[in-house]
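Colleague: Got a structure for you, written out below as structure tokens; questions coming shortly.
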Amino acid sequence: MIAVQPEELARRIAKVDSQIAAHPLSSERVTQAHAVIEAHGGTDDSDAISRELASRGLPSLVELGRIQARSSFSWWRLHRKRRALLRRADR
């Protein structure tokens with residue numbers, strides 16, 4: 001395994017962190033929509049949740065599902081890459 005300088009590892013971690021921050025699952029609208037869902041305390045009242053999301057101009061439950069389906073794999077990969085870089089930096 002090729003040794004990587006700490007500065008290079010820090011640069012790579014920063015790059016992955018910025019990619020995570022720019023990811024659709026990190027967007028403010030998605031984060032706010034998830035907060036609305038959490039605020040409903042795990043109830044199955046999707047009509048009330050949908051109304052609140054719509055009133056706030058946030059993505060609908062259907063759109064959140066689409067975003068999740070399209071973005072989960074890349075989200076997972078970025079976090080896996082970040083964990084690997086952090087493990088490497090700890091050595």
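The values are calculated or read from the model by the stated rules, or taken from the named source; none is laboratory data. Because the structure is a prediction, the values reported are computed rather than measured. Ligands, DNA and RNA are stripped out before the accessible areas are found, and what is left, the full protein with its side chains, is counted by its heavy atoms. Shrake-Rupley method; radii C 1.70, N 1.55, O 1.52, S 1.80 Å.
Colleague: Quick one: angle between helix 28-39 and the longest Cα principal axis of the chain, in degrees between 0 and 90, rounded to 10, please.
Modeller: 60 degrees
Colleague: Quick one: grab the alpha carbon gyration tensor of the chain, order the square roots of its eigenvalues as a ≥ b ≥ c, and give me rounded if a/c is under 1.5, else prolate or oblate depending on whether a/b is larger than b/c. Walk me through the numbers on the way to the answer.
Modeller: Numbers: a/c = 3.34, a/b = 3.18, b/c = 1.05.
In terms of gyration-tensor shape, prolate.
Colleague: I would also like to ask the following. Mind listing the long-range amide H neighbours of residue 40? Cut-off is under 5 Å, sequence gap 5 or more, other chains count too, H placed in the peptide plane at 1.01 Å from N.
Modeller: Correct list: empty.
Colleague: Here's a follow-up. Can you give the calculated 222 nm mean residue ellipticity of the chain, where each DSSP H run of n ≥ 4 adds -39,500 (n - 2.57) and the sum is split over every residue, rounded to the nearest 500 deg cm²/dmol? Can you show the working numbers first?
Modeller: Values: 4 runs with 69 residues, N = 91.
Dividing the helical sum by the residues of the chain leaves -25500 deg cm²/dmol.
Colleague: As a test question: what accessible area, to the nearest 10 Å², does residue 18 have when a 1.4 Å probe is rolled over all protein chains in place?
Modeller: We get 70 Å² for residue 18.
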